[in-house]
There are 4 protein chains.
Amino acid sequence: MLGHRFATRINSFASAAHSYWPDLAGKPTLAQMVARAATVEGLTELDLNYPDHAAGDARAIGAMVRDTGLEVSGLAMRYYSNPAFKRGAFTNPDPAVRREAIDLTKRGIDTARAMGAPMMTLWLGQDGWDYSFQCDYARLWADEVSGIAEVADHDPDCLISIEYKPNEPRSFSLLPDAATTLMAISEAGSPNLGVTIDFAHSLYANEQPALAASHILRRSQLLGLHLNDGYSKRDDGLMVGAVHALETMELLRECKQAGFGGAIYFDTFPDASGLDPVAECAANIRCVKRMLDAIDRLGQDNRLSDAQSAQDAVVAVEIAQLALHGRSHPA
Amino acid sequence: MLGHRFATRINSFASAAHSYWPDLAGKPTLAQMVARAATVEGLTELDLNYPDHAAGDARAIGAMVRDTGLEVSGLAMRYYSNPAFKRGAFTNPDPAVRREAIDLTKRGIDTARAMGAPMMTLWLGQDGWDYSFQCDYARLWADEVSGIAEVADHDPDCLISIEYKPNEPRSFSLLPDAATTLMAISEAGSPNLGVTIDFAHSLYANEQPALAASHILRRSQLLGLHLNDGYSKRDDGLMVGAVHALETMELLRECKQAGFGGAIYFDTFPDASGLDPVAECAANIRCVKRMLDAIDRLGQDNRLSDAQSAQDAVVAVEIAQLALHGRSHPA
Amino acid sequence: MLGHRFATRINSFASAAHSYWPDLAGKPTLAQMVARAATVEGLTELDLNYPDHAAGDARAIGAMVRDTGLEVSGLAMRYYSNPAFKRGAFTNPDPAVRREAIDLTKRGIDTARAMGAPMMTLWLGQDGWDYSFQCDYARLWADEVSGIAEVADHDPDCLISIEYKPNEPRSFSLLPDAATTLMAISEAGSPNLGVTIDFAHSLYANEQPALAASHILRRSQLLGLHLNDGYSKRDDGLMVGAVHALETMELLRECKQAGFGGAIYFDTFPDASGLDPVAECAANIRCVKRMLDAIDRLGQDNRLSDAQSAQDAVVAVEIAQLALHGRSHPA
Amino acid sequence: MLGHRFATRINSFASAAHSYWPDLAGKPTLAQMVARAATVEGLTELDLNYPDHAAGDARAIGAMVRDTGLEVSGLAMRYYSNPAFKRGAFTNPDPAVRREAIDLTKRGIDTARAMGAPMMTLWLGQDGWDYSFQCDYARLWADEVSGIAEVADHDPDCLISIEYKPNEPRSFSLLPDAATTLMAISEAGSPNLGVTIDFAHSLYANEQPALAASHILRRSQLLGLHLNDGYSKRDDGLMVGAVHALETMELLRECKQAGFGGAIYFDTFPDASGLDPVAECAANIRCVKRMLDAIDRLGQDNRLSDAQSAQDAVVAVEIAQLALHGRSHPA
């Protein structure tokens, strides 16, 4: 049931650290950030980054999180541990560095499983290019697909979700959008592969997020749902509904109708400008709940499907706006 | 008082013409479109394009509009009557074509006044360039500024409002945004000059519309307020609030606080996809009224200004969202 | 052999009509535009739009073109003949209008064949949406795929090439980029389907055109190559190499290495700002020839592939720049 | 004389540190990076960041740089030393933090002067906002202008150059483009203020860089010229001429014709993907020298100014392309 599980980004809880921990010297520990996250009303789980948050004893880390009342919904790979990853993880031109990235990912998958988490998320942002003529695209693509297949086949019982993003840190990403990611998954062929849709990445990729979800649901499986907002030009990491409320609500409705039951994960950056991460996360949860209420209201209204059947945007948009405002359409 | 005067684009009323006028052969006449517009609940006025809608007897056209119960709030120049205008109106490289554009504008101003309309809007979309090395920018700018000054000085009692837009039809416009337009106005120096802010143009120019309005109000005068919506990448001409509800509401609040009392003009394109223009315009009016109600609600709430004083977006955004939903913030 | 066949857009030759045909009243005829196009040094063929340019006797039109020394490389569908197409061609919500679009396309295919042209290009720009909540995406996609399959199966001997574009005229297109188009082709399943890559559309879609071509060549067939240039924000229709010379050269190299032997078609808009279309087209041909010479130079240089194997952009980019300048790299 | 002074970003020389300094533990020191920079053929000077690179004895640091044969052309402020600067430097909502930013800037200006550098560059990237309704724009602007005036007036003999950028790290910057920056400078009123144009920032701001320079030269003074390249969507930090060769050349020509004699500064990020910074900087210098040669060639060619007088892009663009290729136009 969509709306019963909420997750968020653990690093947000380093935001405004010194007002929360007045005596803190340096950065907060993982355990401190988890304890702070656990104070958010309605939050049920966290993702951890690998290897950043999961070096050491995986079971102990998992237990530490669960002791606060939260679950670990999954791990997410980060390829920063070797500066050579700047030129690529699975597509690194140096075979030894490529191998290191793949092996690191396999250890991450093992760690996720040891921690009791069912999923590993891959954001392959380093796999791309900056310049025309910088690389051989056919080789880049083949390396990406075979790397994805290899890590997916490492443990068929672990779900592997690919999170796409069009640009940054490389000028262009090899997996920029839903359709290209689905093409890679189709070529890799492993059944445990799926896609994470991140709302701000999707806008940045010039997608309509609800349609991206529809493609993912038809061709593969939707494994992660990251909400946030932004201005479609970069990955702003804003609070849910701060800019594109109707598009967010449309995405939630698409996911709900498809029976998506995973956590709604807030991939926002309160730490980028020093916002209170506990208040920010609680506001995101309240906003999503208002949207889910609105979706329930829409579900009882045949006029929306009638309007959609005719592409009558005048009626359809006002029905959606009023539903979000807690009202029904004046016939 | 903001919210008592609503205007819209007359050409919208050619949309879905054959379902409205089943016996129509060809395009509807101006009088037919005006009569259709007059059926919109709450609409008080129209802008006409010059020369397209105002060839012939200006007084008669003005009387025809007023007979339907609507006012003419102003004229807007369109530089399509000579194909040579494609390479520029006030900045055309051919002095004879440039003179033709300036003289046409003066006749338009005379026509506006004869029609009883207080304002001429200039959208100088043809004044720009497509290629690097295509033109001498210093000459382009000097021609633009002196052209603006000349038409402004033609009739000091007629307000001249410049509507900026970053791109299209030329690849780049010489007056792309509020700040450049204010620079041109300052150099032209005529007191009857001011600016029209168009919401979708402002997004397209990577502006925050409320800040653009703040700059205009500080340095010049805000003469026109065009509402619509879009995806920030082009001039989509969507219904108000369809994408950026909070940014629209913020712009309205900035204008209201500054005492702007002009018409709210809907520069939307229902005709682009065959929407019903009467229903579309009525929905825009209802949407703006909901936003103005929300602004009244905000005005009674000191917590918004407190949050803004600290740039506390978590509180500020939720207050604005709930105000739009017709609720006050819980705490 | 890439570089022996050059085609262009026939409507460009209406540009600056009155300086070319001083006595012309109204618009030039198709025959006049074709005759003017035939004066371009190096041009070998034209595309015609259907139904605009191919109403009447298809064989006679084909013969008229061939009498000027040019070939007809194909037809391209335009869905403007019914205003209802504004809300969709193959995805129109009205089944009767959808049927009309499909049937019109079949007649266009028949006309292409009657004219001796081997290919029909489909740019389905009307198939998209403007608003969140405006349509049911699953239905939109199913209608698009089945429409494509139906017209492709109408005549298996006619190549059907889909030209994608991300936005405009609808706010969003259902076939915005290469990867989504390949997904549609895969679902439609007809072997005579392929893709036209338009350079400015590809930039507009945030693609690297050479990688888009690589995906098309791996998964389907490249049937059309449209060159032009722009600023990545809209479909500017500029001259080849005016902005992105290296990216254009990289695309040409990808196509050449894959053995693409079709015409290089210039989809530029000299008429948008009144440029001389004959001079413009000749300049495009000269620019492409300089790029093809540069590609030959690159082919003899092992240092480029060495640099690409290491993603060493410093060397690779300078090699490409110097090749374009007619020089070899100093090392 | 443009082309005799070349500067670059010192932090680039941390790129691929371990292949250059095999025994290095941790990050290279400032002195190590300066010594590495000094090996670039043709480089004459460096900018240092304040406070990062200039803590300690300013005179000793200046002497260290000069001992390698390089000059310090100026300092550039960085507002990262207090995490509270994330919410603003001169526009920070907390008066104490705002005061800290202003005082830090004054100490930076003193340090520049002590080091013998004539200029301080201000990139006020933290001064902006992320959310609608987050702040009071009038207060933000007033704080920015008065902060700029205060630091400019601190030492009238030090040039203060403002470098604009549209977005990042904040979602929106208060000084996004040339025209807004010129408005701020005009309101601040101090004669030692001027503007730094950064090529990639200018593209990102949807400007044509040569026109931005023209506005700056007409209304204020051009104090810094940062070259690089990118895809207009973010601040990519690519090598000069890698994407927009003609636009770069046009900017250089505008600056040369205006008599700009400052250093050409390369604000590129070879470290972002581990490129060799010495080879990258040398390639940038060679590329600019080829462009300056082309500009000399253009200067002897009346056909360019004739073409520009008619906005004849077909001739003008080909003249510029051929000049860059070392050839003259075939009449």
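The values are calculated or read from the model by the stated rules, or taken from the named source; none is laboratory data. Everything quoted here is computed from the prediction, not taken from an experiment. Heads up, the Cβs are rebuilt from the backbone with ideal geometry, glycines too, and the neighbour counts pull from every protein chain shown. Please note that ligands, DNA and RNA were not included when accessible areas were found on the heavy atoms of the full protein model with its side chains. Shrake-Rupley method; radii C 1.70, N 1.55, O 1.52, S 1.80 Å.
Mind listing just one residue for me: the one in the stretch A:220-235 that is open to solvent by 20 Å² or more (accessible area, probe 1.4 Å) and touching an Asp or Glu at 6+ places or on another chain (Cβ under 8 Å) and, of those, farthest from A:Asn192 (Cα to Cα)?
Step one: filter the stretch A:220-235 for residues open to solvent by 20 Å² or more (accessible area, probe 1.4 Å), giving A:220-221, A:223, A:231-235.
Adding the requirement that they be touching an Asp or Glu at 6+ places or on another chain (Cβ under 8 Å) leaves A:234-235.
Values: A:Arg234: 30, A:Asp235: 27 Å.
Step by step, filter the stretch A:220-235, then rank; the result is A:Arg234.
Just one of the numbered conditions (1) over 17 Å from D:Glu207 (Cβ atoms); (2) surrounded by 21 or more Cβ atoms within 10 Å (Cβ to Cβ) is not true of D:Gln257; which one?
(2)
Find the residue count for the stretch C:150-165, including only residues that are open to solvent by less than 20 Å² (accessible area, probe 1.4 Å) and out of contact with any Pro (no Cβ under 8 Å at 6 or more places or on another chain). Break it down stepwise before answering.
Taking the stretch C:150-165 first, the residues open to solvent by less than 20 Å² (accessible area, probe 1.4 Å) are C:151-152, C:158, C:160-165.
Cutting the leftovers down to out of contact with any Pro (no Cβ under 8 Å at 6 or more places or on another chain) gives us C:151-152, C:160-163.
Result for the stretch C:150-165: 6.
For D:Leu275, all conditions in the list (1) open to solvent by 10 Å² or more (accessible area, probe 1.4 Å); (2) within 10 Å of another protein chain (Cβ to nearest Cβ); (3) in a loop (DSSP other than H, G, I, E, B); (4) farther than 23 Å from B:Glu207 by Cβ hold save one; what is the number of the exception?
(1) is the only condition that D:Leu275 fails.
Name every residue in the stretch B:136-149 that is in contact with a helix residue (DSSP H, G or I) (Cβ under 7 Å, 6 or more places away or on another chain) and open to solvent by 10 Å² or more (accessible area, probe 1.4 Å), in order of residue number.
B:Asp136, B:Ala138, B:Asp143, B:Val145, B:Ala149 - these are the residues of the stretch B:136-149 that are in contact with a helix residue (DSSP H, G or I) (Cβ under 7 Å, 6 or more places away or on another chain) and open to solvent by 10 Å² or more (accessible area, probe 1.4 Å).
Do we have A:Leu223 as under 25 Å from C:Ala179 (Cα atoms), modelled with pLDDT of 95 or more and within 14 Å of chain C (Cβ to nearest Cβ) here?
Values: under 25 Å from C:Ala179 (Cα atoms): yes; modelled with pLDDT of 95 or more: yes; within 14 Å of chain C (Cβ to nearest Cβ): no.
Against the criterion (under 25 Å from C:Ala179 (Cα atoms), modelled with pLDDT of 95 or more and within 14 Å of chain C (Cβ to nearest Cβ)), A:Leu223 does not qualify.
Between a residue in the stretch B:300-319 that is touching a residue at least 40 places away in the same chain (Cβ under 8 Å) and any residue that is buried (at least 16 other Cβ atoms within 10 Å of the Cβ) and assigned to a loop (DSSP other than H, G, I, E, B), which pairs come within a Cβ distance under 9 Å, given they are 6 or more apart or on different chains?
B:Val317/A:Met239; B:Val317/A:Gly241; B:Val317/A:Ala242; B:Val317/D:Tyr131; B:Val317/D:Ser132; B:Val317/D:Phe133; B:Val317/D:Gln134
I need a count of the residues in the stretch A:40-61 that are among the hydroxyl-bearing types (Ser, Thr, Tyr) and either touching a Phe, Trp or Tyr at 6+ places or on another chain (Cβ under 6 Å) or exposed (fewer than 13 other Cβ atoms within 10 Å of the Cβ) (or both). Lay out the reasoning, then the answer.
Narrowing the stretch A:40-61 to residues among the hydroxyl-bearing types (Ser, Thr, Tyr): A:44, A:50.
From the residues that got through so far, the ones that are either touching a Phe, Trp or Tyr at 6+ places or on another chain (Cβ under 6 Å) or exposed (fewer than 13 other Cβ atoms within 10 Å of the Cβ) (or both) too are A:44.
Adding up the residues that qualify gives 1.
Would you confirm whether any residue within the stretch A:236-250 is open to solvent by 30 Å² or more (accessible area, probe 1.4 Å) and not polar (S, T, N, Q)? Please lay out each step first, then the result.
Within the stretch A:236-250, the first condition is being open to solvent by 30 Å² or more (accessible area, probe 1.4 Å), and the residues that meet it are none.
The answer is no; no qualifying residue exists.
Just to be sure before I move on: is A:Ser202 in contact with a helix residue (DSSP H, G or I) (Cβ under 7 Å, 6 or more places away or on another chain), hydroxyl-bearing (Ser, Thr, Tyr) and open to solvent by less than 10 Å² (accessible area, probe 1.4 Å) in the structure I sent?
Criteria met by A:Ser202.
Can you go through A:Tyr204, A:Tyr164 and tell me which one is within 15 Å of the chain's Cα centre (by Cα), under 19 Å from C:Arg219 (Cβ atoms) and more than 7 Å from every other protein chain (Cβ to nearest Cβ)?
Values: A:Tyr204 fails: under 19 Å from C:Arg219 (Cβ atoms).
Just a single option satisfies the conditions, and that option is A:Tyr164.
Of the residues that make up the stretch C:230-240, is at least one among the hydrophobic types (A, V, I, L, M, F, W, C) and farther than 30 Å from B:Asp235 by Cα?
At the first step, the residues of the stretch C:230-240 found to be among the hydrophobic types (A, V, I, L, M, F, W, C) are C:238-240.
Among the residues that remain, those that are also farther than 30 Å from B:Asp235 by Cα are: none.
Scanning the stretch C:230-240 turns up no residue that is among the hydrophobic types (A, V, I, L, M, F, W, C) and farther than 30 Å from B:Asp235 by Cα.
Against the condition open to solvent by 10 Å² or more (accessible area, probe 1.4 Å) and assigned to a strand (DSSP E or B), how does D:Leu217 come out, does it pass?
For D:Leu217, the condition - open to solvent by 10 Å² or more (accessible area, probe 1.4 Å) and assigned to a strand (DSSP E or B) - is not met.
Determine whether B:Thr8 is open to solvent by less than 10 Å² (accessible area, probe 1.4 Å) and not hydrophobic (A, V, I, L, M, F, W, C). Walk me through how you get there before you give the answer.
Details: open to solvent by less than 10 Å² (accessible area, probe 1.4 Å): yes; not hydrophobic (A, V, I, L, M, F, W, C): yes.
Judged against the criteria, B:Thr8 is a match.
Among the residues of the stretch A:62-76, is any open to solvent by 10 Å² or more (accessible area, probe 1.4 Å), farther than 30 Å from C:Met291 by Cβ and at pLDDT below 95?
Within the stretch A:62-76 (the criterion being open to solvent by 10 Å² or more (accessible area, probe 1.4 Å), farther than 30 Å from C:Met291 by Cβ and at pLDDT below 95), the answer is yes, since at least one residue qualifies.
Within the stretch C:180-196, is even one residue in a helix (DSSP H, G or I), more than 24 Å from C:Asp155 (Cα to Cα), of a type outside the set (D, E, K, R) and in contact (Cβ under 8 Å) with a residue 24 or more places away in the chain?
no
Of a type in the set (S, T, N, Q), touching a helix residue (DSSP H, G or I) at 6+ places or on another chain (Cβ under 9 Å) and farther than 30 Å from A:Ala188 by Cβ, is that true of A:Thr44?
Working: of a type in the set (S, T, N, Q): yes; touching a helix residue (DSSP H, G or I) at 6+ places or on another chain (Cβ under 9 Å): no; farther than 30 Å from A:Ala188 by Cβ: yes.
So A:Thr44 does not fit the description; no.
Residue by residue through the stretch A:233-272, note down the ones that are in a loop (DSSP other than H, G, I, E, B), of a type in the set (A, V, I, L, M) and within 14 Å of chain C (Cβ to nearest Cβ).
Correct list: A:Val243, A:Ala258.
I need a count of the residues in the stretch B:278-318 that are assigned to a loop (DSSP other than H, G, I, E, B) and either within 14 Å of chain D (Cβ to nearest Cβ) or under 22 Å from A:Arg286 (Cα atoms) (or both). Lay out the reasoning, then the answer.
Narrowing the stretch B:278-318 to residues assigned to a loop (DSSP other than H, G, I, E, B): B:300-301, B:310-312.
Of the ones still in play, those that are also either within 14 Å of chain D (Cβ to nearest Cβ) or under 22 Å from A:Arg286 (Cα atoms) (or both) are B:301, B:310-312.
Residues meeting the conditions: 4.
Of the numbered conditions (1) over 21 Å from the mean Cα position of the chain (by Cα); (2) crowded, with 23+ Cβ neighbours inside 10 Å, C:Asp301 fails exactly one; give the number of that condition.
(2)
For A:Asn228, state whether it is touching a residue at least 24 places away in the same chain (Cβ under 8 Å), within 14 Å of chain C (Cβ to nearest Cβ) and touching a Ser or Thr at 6+ places or on another chain (Cβ under 8 Å). Walk me through it before giving the result.
Working: touching a residue at least 24 places away in the same chain (Cβ under 8 Å): yes; within 14 Å of chain C (Cβ to nearest Cβ): no; touching a Ser or Thr at 6+ places or on another chain (Cβ under 8 Å): yes.
So A:Asn228 fails the test.
Counting just the residues of the stretch D:171-183 that are farther than 20 Å from D:Gln221 by Cα and at the interface with another protein chain (Cβ under 7 Å from one of its Cβ atoms), which one comes out surrounded by the fewest Cβ atoms within 10 Å (Cβ to Cβ)?
D:Phe172
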